[in-house]
Amino acid sequence: MSAAPGDRAALKEFRPQRTVPAVIVAVLLVALGAVVAAEVISWLFGRPLGWLPAATMLEWGSATLWQSPLVLIGAIVLTLIGMALLVLAFVPGRPRMVPLHTSDPQLVIGVRPQSFSDTLAHAAGEVPGVRSAVAALRGRTVAVTATTSGWNDAATGEQVREAVLARIAGLAPVQRYQVSVRLKERP
């Protein structure tokens with residue numbers, strides 16, 4: 001099933017970004033590269049800046065073997081940091097909005113996840129016998145916990161599920177959501 005152009009635009013627009021971590025890593029790498037480059041260039045001209053202990057580092061580097069435990073530990077640490085940065089870059093963050101269907105492909109509409117959850121909890125709370133309800137988004141699942149007033153049966157759970165599904169259908173999110181219902185009984 002292919003998504004409509006408006007749906008694809010909404011999904012793209014509300015895709016979580018990893019902008020802050022990317023900017024932090026980029027700034028740190030540029031700063032480190034600039035310091036090293038300035039130090040190397042100044043060393044080549046015979047006037048070391050002294051920002052880095054270049055003589056000590058050169059002496060240590062020429063005297064240390066690749067099999068040295070210190071070199072291996074440093075390589076492992078740098079590899080783990082690099083892998084963590086790659087995972088951070090490729091794993092999507094939490095969505096900022098829940099994109100909704102529109103008939104106009106130029107119009108992108110979304111609601112905040114908390115507002116989406118709140119309206120679904122309100123729908124569950126309107127079911128007869130339910131005192132209160134809480135809904136939470138967990139990926140593409142809506143987890144609803146409904147507190148009933150003394151009766152905890154499968155029919156109430158199914159009514160809560162149907163009420164939440166009806167509200168989801170009314171909101172028309174671009175992505176499909178499953179509904180998980182848990183009932184708590186309070187007299």
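The values are calculated or read from the model by the stated rules, or taken from the named source; none is laboratory data. The shown structure was predicted, so the numbers you read here are calculated from the model rather than taken from an experiment. So basically every Cβ, Gly included, is an ideal-geometry build from the backbone, and we count neighbours across all protein chains shown. In case anyone asks, the SASA skips ligands and DNA or RNA and just uses the protein heavy atoms, side chains included. Shrake-Rupley method; radii C 1.70, N 1.55, O 1.52, S 1.80 Å.
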For the stretch 35-104 and the stretch 109-181, what is the separation of their C-alpha centers, rounded to whole Å? 46
Of 39, 126, 158, the most mobile residue in a GNM of the chain (C-alpha springs, cutoff 10 Å) is 39
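What is the mean projected area of the alpha carbon convex hull for the stretch 83-181, to one decimal in square nanometres?
8.0
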For the stretch 5-148, radius of gyration divided by Kirkwood radius, i.e. Rg to Rh on alpha-carbons: 1.28
Tilt, helix 69-90 to longest principal axis of the chain (alpha-carbon atoms), in degrees rounded to tens, equals 40
Tell me, what is the per residue accessible area of the chain in Å², probe radius 1.4 Å? 70
The stretch 43-141: trypsin sites (Lys or Arg not before Pro) in DSSP coil with no more than 15 other Cβ atoms inside 10 Å: 96, 140
Rounded to the nearest 500 deg cm²/dmol, what is the calculated helix-only ellipticity per residue at 222 nm for the chain, with -39500 (n - 2.57) per DSSP H run of length n ≥ 4? -17500 deg cm²/dmol
Apply the Karplus parameterisation 6.51 cos²θ - 1.76 cosθ + 1.60, with θ equal to phi minus 60°, to every residue of the stretch 46-59 and state each ³J(HN,Hα) to the nearest whole Hz, in sequence, with x for glycine and proline. x, 10, x, 6, x, 5, 10, x, 4, 5, 5, 5, 5, 4
Helix 113-125 against the longest principal axis of the chain: what's the angle in degrees, Cα atoms only, rounded to the nearest 10? 20
Note on the chain: contact order normalised by length, alpha-carbon pairs under 8 Å, 6 or more apart, percent, works out to 22
Here the net charge surrounding residue 133, from other residues whose Cβ is less than 13 Å away from its Cβ (Lys, Arg +1; Asp, Glu -1), is +4
Of the accessible area of the chain, computed with a 1.4 Å probe and all protein chains kept, carbon and sulfur make up a percent value of 65
Looking at the chain as a GNM with Cα springs under 10 Å, which of 147, 56, 79 has the largest mean-square fluctuation? 56
Using a Gaussian network model of the chain with C-alpha springs under 10 Å, which one of 107, 137, 32 is most mobile by mean-square fluctuation? 32
Please list, by residue number, every one of the chymotrypsin sites (Phe, Trp or Tyr not before Pro) in the stretch 29-83 that is coil in DSSP and has at most 10 other beta-carbon atoms within 10 Å. 45, 66
